[in-house]
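Note sheet for the following structure.
The values are calculated or read from the model by the stated rules, or taken from the named source; none is laboratory data. Keep in mind it's a predicted model, so treat the numbers as computed, not measured. Here the Cβ is made from the backbone with ideal geometry for all residues, glycine too, and neighbour counts use every protein chain on show. Accessible surface areas use protein heavy atoms only, side chains included; no ligands, DNA or RNA. Shrake-Rupley method; radii C 1.70, N 1.55, O 1.52, S 1.80 Å.
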Amino acid sequence: MNAPGDDVLLAVEGLEAAYGQVQAVRGVSLSVGHSEVVAVIGANGAGKTTLLRALTGLLPSRGRIMLGGRPVARPSPEETVRLGISLVPERRQLFESMSVRDNLLLGAYHRIGQESRAAIEEDLRRVFVLFPALVNRTASRARTLSGGMQQMVAIGRGLMARPRLLLMDEPLLGLAPLVIRDILGTLAQVQHQGQSILIVEQNAKAVLGLAARAYVMEAGRVVRHGPATTLAQDPAVRAAYLGGHVESAEG
Amino acid sequence: MRRLWVIGALLVLVGAPPSVAQQSVIKVGVVVDVTGGASSLGVPERNTVLLYQDELGEVPGPNGPVRVQYVATDGESDPTKAVIAAKRLIDEDRVVAVVCCTTSPASLAVIQTLQTNRVPNVSLAAAVTIIEPVDQRRWIFKTPQTDRLMIDVITDHMRRRGIRSVAWLGFDDAFGQGGLVEFEKLAAQKGIDIAAKESFARASTDVSTQVTRAMGRNPQAFLIWAIPPGANVAQRNIRDLGITLPVYQSHGVANKTFLDLGGASVDGTILPSGKILIAELLPDTDTQKSALLGYIERYEGRYGKGTRNTFGGHALDAMLILKPAIERTLRQGIRPENTGGFRTVLRDQIERGTKELVGITGIFNYTPTDHLGLDLRAAVMIEVRNGTWTPAR
Amino acid sequence: MTLTQQIAQFLASGIINGTIYALLGLGLVAIHSATRVVNVAQGEFAALGALLASTLVTRGMPLSLAAAVAVGVAAAVGGGVYRTAIRPARDAGPLTLLIITIALHLSLKGLLLLVWGTDPHSLRPFTAGPPLRIAAAVVTRQSLWVIAVTTVVLVVLYVFFTRTILGKSLRACAVNPTAARLMGIRVERMSALAWMIAGALGGLAGVLIAPLTLATYDMGLILGLKGFVGAVIAGMASYPWTVAACILFGVVESLGAGLISSNYRDGIAFGVLIAALLWRALAALRGGLIISEEAAQE
Amino acid sequence: MTTTRRLQLAATAVVAVLAVLPFAVAGRISLGIFVFIGLFSLIVIGLSLLAGHAGQVSLGQAAFYGLGAYIAAITTLRMGLAPWLALPLAVGGAALAAYLLGAPIFVLRGHFLVLGTLGLNVVMDVLVRNVQHLTGGPTGLTGIPPLSIGALVIVGDRAYYYLTWSFVLAALWVGRNLVCSRVGRALAAVRSSEVAAAAVGINAAFYKSRVFALSGALAGLAGALYVHYLSFVSPSPFAFNFSIDLLVMSVLGGIYHLPGAVAGAAIVTILREALRTIMPRVLGSGASAEYEIVVFGLLLAVVVIFSPAGVWPHLLAWLRLEPGRSSRWTQAASLAGMLPESPPPSPRAEPASVLRLEGLRKQFGGLLAVDNLSFEVPAGEIYAIIGPNGAGKTTVFNLISGLLRPTRGAVYLRGRKVSDLPAYETAALGVGRTFQTPKVFADLTVLENVMVGLHRLTTTSFTAAMFGLGAREDAQAAARAAGYLEVVGLLDRADVLAGALPFGALRLLEVARALAIRPVLLLLDEPASGLSSAERTEVVKLIRHIRDTGTTVVLVEHDVGLVMETADRVLVLNYGQRIAEGAPRLVRNDPRVIAAYLGEEAAS
């Protein structure tokens, strides 16, 4: 485990979280560096989504969460987004009956009043540069978009918060291979601009190509971690997560 | 297990024989509708009971004065609640008589309870079925005029003014129904055509649909059978639609609320009422005048100028009838502890002993065949002029 | 009166009543979409507004100020009710929340009774003058106020929900509360805001109709019920459709009472309502069971 | 002392207290209050069965109360019928009305149902007020004769007290029998998920309308007793306001427990009466009624906020009387090992294909989910459907199992067209299924869940269940259900509430429940998703076992590895269209499949 140091943006130690009576995350420790993409892979039900829900405060948790060297005590989603953690949630969770533009704008909700309108408009333009496919659909209701475009809106909305760390939950879920390629490309671009990303994904093959490091979760624990390239070669990981699966997993 | 014992102990406590309390008071139960749809009637009734409970709260007994306590409860304008309230008064407070209830359905609903428990009752509601047939209503008396008496006076007035075609606009409840039944009978007798029969709910906020329908039949006048605020809504809708026909209302609007709410829209309204609304204008020879003025002074002194109304008068009449009857029962040597016996004798005393009793509503003469005890002297026609009651022309 | 005149009159009074129902229905929709609560106490906000405005005017306050105070107090009560009674139970099932609002209805009604008593109170019309004749119908000036103010309210709501960030974030909470939290929107504040809006709409309805119908402590339940009818027909979600459904319901009620029988007024109205609900439900069932179960979960 | 013993003791104590109460309270508390509590209890028991156990909230129960009252009043007064004959007529009439109205009204759900039942109440109220020649209109009818049996005339509070409370105890007994029976489990299933209930062959409408009829009967009974007791009837006690009161009683008492109905009726009635007595003492006579409503409203809010399940569970907990969860099934389940495992149906003389789809098309608004799809599944095979998310796989399952109606085309099961049948009929013909997100009946035990699966193979009728006549069959069903639990390896958790199971076990429970209907065709929707690798191995074994015992299996799965391991034949869907079908190996190497779905890397 990387020791928390100057280059560490997020450091999590001994995180525990439960869904009702079911202990879903058991003593997870991990870290994300500045401008780093880190992946968490594992089967459905391994606790990956719970991990992200705990990090954003959607679920109560125990353990230590440090962001930029400062502890995040008793996180709640309303607070964590202000601290700089933004989540692109599982199954996108768009505001379906609202327009694409409004969805993106709401992503910047916590900045409204803090920053100038121009800054937010500028970020809107930035999202449309990243996802040119959305330009002609700004007024469309989110639910009328295809799955791939909806995922683009979800990622764009996450970026509109200007987070220090972007959390992504299964962003490739149920997307066609071509769309997956597009989105992975965009994410790489975003990372080059300095964005730190923690990405949770069943589609191990796709994210191991993007991430620098990865953690493997099973039954609520981290069972393996290391550089993505190393893990991709690991026979056990290959057997469990790379061999049998196809890219587009569905939940 | 211990907890079962706790419950057991509680039950024993509840079930323990009543503590030996000295039964030196005679209780009279009062069930009036302080809340709910009939509260505009029930509140003045309760107010009157509160106002007079001390003055009428003592009767001379064989061994010095005996206290008469009036136990008032809310019937909530719901017959079931009224029945429960009456049962509690009878079983728990062991009242010797009940004054119940404000409305006709509630008064009808308690009859069975009162008859089987043999408790005398004075009802404050209008329907004639409350006291008839008398052989099945031995224990029931009432103080207000019946609808029949009131409509008798109204239809006479209509004929005098040459009105031969009337649109009926009544509540869709027992009050409205009771009035309509009598109106149909008397209108037929007196050659008045009922051009339209429309109904509306107590809680109506708009009656213009019904008014419009009725106007389709070209009546010469409206007769509204309702109480405020519904009565005001109906009248206001008539005037708002630009209709200038004469409007008759029932005795249900004979209170200050009607005038306050109505403003200009109720000017010219004609209604039957007891004499209370125009007491000051009565000739000094009127036997009721001094009683009326005394009650008005007392009531308006406490609740404000112009608050006089006939309903409080009904309640006071019940008290005025019961007090001397209780006195006579005591004089017969019946002890109040003997509740059952007392009730029986009290009933007989009400029936036989109430003669030419000057009340607010009228002059009462109960007989074994007449538990209403009022005659046409009890009603006058009144017109609203400049926001106040005046005798109708 | 000719039949045409009569029908015109029925339509006019139906539209006016429906407009009042709509103000209550809009409040119900605001609350339901933000907090999934069917607020039985919605009518009490109207009763509060009506009673408060009439008392203030009687005490000599100018009508416009009295109306503003009444609406403001109703809004504050709405927010207070959310904070004290709904928020503590926000995770409970719909039935529990329904019972809580029934309890609120009783408590508020009792409080109104305590303060104002059982006597009805009146409020003078906003502008004096004889009724106006519009087409074949006679319409009071106050009725025109009702329609005009409701129209303005609709426009204001439309602008609020589509043009302001506050309105958008309120919608976002209704559409997807989890995602809204992730954006940093404080969902509970938005819920309180929704209750305040509902309180204000209810209070406004009360102020508007007090001159037409008089104000009593127990006027709320029936008004709220009729607003509920319109809101449910429109699916408890859409503001413009709620207004349309409420006005339609008012017109059906008025025409039914006028052309068939006033004795059966509510019977006809609710009979038509049940038929409409069944028609909707059967249309959904035609697609299959899954669709209707998901529709039920909303 | 065991809980059962304590329960028996408590029940005996309650009956004893009820028996002596009239004597204990004489002269202190009006017995009339207890008569009304009894009457209200009868209606609320019905409402609890309907809303608590069948999940159908009604705001119209006062209408049936009124209907019973008016039937009793009109038949005795206007038609001169003897009251003891009028009583069953009132009960039957109210039940029949509820039954007939049940079919249409339960098409509605959620708020719509609440509003619909409330509407019924309003319509009934308007009718009663207006059909004056029969009902006496708003004034009502007086002089209704009291109940009498021969020369014995039942009058007075005490007589109606004993009569009413005998009925209350009987209603509790009937209700309890019902809740603990095959029917009760079906109701719990319907409440939990109508879709899952339909998937095991339960006709939700059938049970809803019967429970509605029973609740109508109880309300009608209360109404008839009311009129004979008071010898008077008028419309106002039966208006919708009273329906609201009834719902308050049932929720306050505890809607999921039948005795809670009695507790709720008692608490609301006594509380109001107590407030009526206490408030004037606290605040001085005069202004009492005003405070009563406020205090009652506030108390109600506080109780419901802090105890949404009502007071009954707290009372039981305080008396340490919480019943052990279905302990009687444990015994039955322990027999399971001794009983021969009930064999799934042996392969009959089957047509070559079990399932055939012809030109199936499903459109949701503008979205074409399934487009002109045809395929056949041979008997005794494992047939897999794969494809990307949104390809329409689950929609195909919903169309086969009757949960969705096709826009065009047809589904045939063993040559019989099933696509126009309701889902529960399709299930009864032998189509079992599981769901992508497991839909188990969370508030039933694991064993009871599987017993629900046996619904169509057991026969205890609604009426028989009311009188507790299904016990024997229930024991057998429990044993058989235990057998299925053994097959999926969940027997050791038979008495656990299904809602408390971990995710993987939920999938297995669904399979056991689906097997219990003895399917000829089993549809498994992503049986391995969310499972650990060990569980996944078990599932593969289980699927093969199911196939080997003669059931044809169709599965939707995105775990291509699992599909390759188990399937005899694979269908690949994309955008609702079939792009390939055949043996796994052939499909895997099909260039169209690789291009559209698997991607180039998978082929390498």
Protein-only accessible surface order, largest first, of C:W279, D:W312, C:W145, B:W168 at 1.4 Å: C:W279, C:W145, D:W312, B:W168
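Quote the total accessible area buried by chains B and D together, excluding ligands, DNA and RNA, probe 1.4 Å, nearest 100 Å².
Interface between B and D: roughly 3800 Å².
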Vicinal HN-Hα couplings computed from phi for the stretch C:156-170 (Karplus, 6.51 cos²θ - 1.76 cosθ + 1.60; Hz; Gly/Pro x): 4, 4, 4, 4, 4, 7, 10, 10, 10, 5, 5, x, 5, 6, 5
For the pair C and D, total buried accessible area rounded to nearest 100 Å², probe 1.4 Å: 4300 Å²
Efficiency of FRET from Cβ geometry, A:E16 and D:T3, R₀ 41 Å, rounded to 0.05: 0.70
Mean Cα-pair separation over length for chain D, i.e. relative contact order, pairs under 8 Å, 6 or more apart, %: 17 percent
Per residue accessible area of the protein assembly as shown, 1.4 Å probe, in Å²: 36 Å²
Farthest toward positive dipole pole in chain B [+1 Lys/Arg, -1 Asp/Glu at C-beta], among B:P324, B:G230, B:F200: B:P324
Percentage of interatomic Cα-Cα distances in the stretch C:1-99 larger than 22 Å: 47 percent
Overall dimensions of chain B by Cα: Rg and Dmax, Å: 22.4, 83
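Expressed as a rounded percentage, what relative contact order does the stretch D:3-319 have, with Cα pairs under 8 Å and six or more residues apart?
Numbers: 491 pairs, mean separation 99.1, N = 317.
In percent, rounded to a whole number, it is 31.
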Alpha-carbon centroid distance for the pair the stretch D:24-64 / the stretch B:75-102, whole angstrom: 21 Å
With every protein chain in place, the stretch D:3-319: carbon and sulfur % of accessible area (1.4 Å): 73 percent
Derived scalar couplings ³J(HN,Hα) [the stretch B:352-367; Karplus, 6.51 cos²θ - 1.76 cosθ + 1.60; whole Hz; x for Gly, Pro]: 8, x, 8, 10, 6, 7, 7, x, 7, 6, x, 10, 9, 9, 7, 9
Rounded to 10°, Cα long-axis angle of helix D:31-47 versus longest principal axis of chain D: 20 degrees
Per-selection metrics, chain D (Cα): Rg and Dmax in Å: 28.5, 96
At R0 = 56 Å, FRET efficiency that the Cβ-Cβ distance of D:A16 and C:L3 yields, to 0.05: 0.20
Shape call, the stretch D:207-269: gyration tensor on alpha carbons, a/c limit 1.5: oblate
Antiparallel %, DSSP beta bridges [both residues in the protein assembly as shown], to 5: 50 percent
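How would the stretch C:3-287 be classified by its alpha-carbon gyration tensor: rounded, prolate or oblate, with rounded meaning a/c under 1.5 and the a/b versus b/c comparison settling the rest?
Taking the square roots of the gyration eigenvalues as a ≥ b ≥ c, the stretch C:3-287 is oblate.
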For the stretch B:108-244, convex hull volume per residue from C-alpha positions, Å³: 105 Å³
Cut-off under 5 Å, modelled amide H: who pairs with B:K142 long-range: B:S123
HN-Hα J in Hz across the stretch B:333-344 - Karplus 6.51, -1.76, 1.60, θ = phi - 60°, x for Gly and Pro: x, 7, 8, x, 4, 7, 4, x, x, 4, 4, 5
Shielding by partners, peptide B:28-37 (average Cβ within 10 angstrom, other chains): 3
Normalised alpha carbon radius of gyration of the stretch C:88-213 [divisor 2.2 N^0.38 Å]: 1.40
GNM flexibility winner over chain C from C:G206, C:G167, C:G43 (Cα, springs under 10 Å): C:G167
Share of carbon and sulfur in the accessible heavy-atom surface of the stretch B:10-160 [1.4 Å probe, %]: 51 percent
Euclidean distance between Cα centres, the stretch D:401-428 to the stretch B:315-381, Å: 78 Å
Between 0 and 90°, nearest 10: helix A:177-192 axis offset from chain A longest Cα axis: 90 degrees
In degrees, nearest ten, helix B:230-240 long axis to first principal axis of chain B (Cα): 10 degrees
D:I278 accessible area, assembled protein chains, probe 1.4 Å, Å²: 80 Å²
Amide H partners (placed H, <5 Å) of A:R224, local residues excluded: A:V216
For the stretch D:148-275, diffusion coefficient by Stokes-Einstein and Kirkwood Rh (Cα), 37 °C, 0.692 mPa s, µm²/s: 195 µm²/s
Protection proxy ranking, peptides C:151-163, B:198-210, average beta carbon neighbours within 10 Å, highest first: B:198-210, C:151-163
Ratio of Rg to Rh over the stretch A:95-216 (Cα coordinates, Kirkwood Rh, two decimals): 0.96
Quarter of the Cα convex hull surface for the protein assembly as shown, i.e. its orientation-mean projected area (nm²): 60.2 nm²
Packing-based order for D:367-374, D:264-271, using average beta carbon neighbours within 10 Å, highest first: D:264-271, D:367-374
Relative contact order computed over chain C (Cα-Cα under 8 Å; 6+ residues apart), in percent: 38 percent
Prolate/oblate/rounded label for the stretch D:3-319 (Cα gyration tensor, a/c 1.5): rounded
Under 5 Å, built H, 5+ apart or other chain: amide partners of B:V32: B:T73, B:G75
Separation of alpha-carbon centers, the stretch A:58-129 and the stretch C:1-79, rounded to whole Å: 39 Å
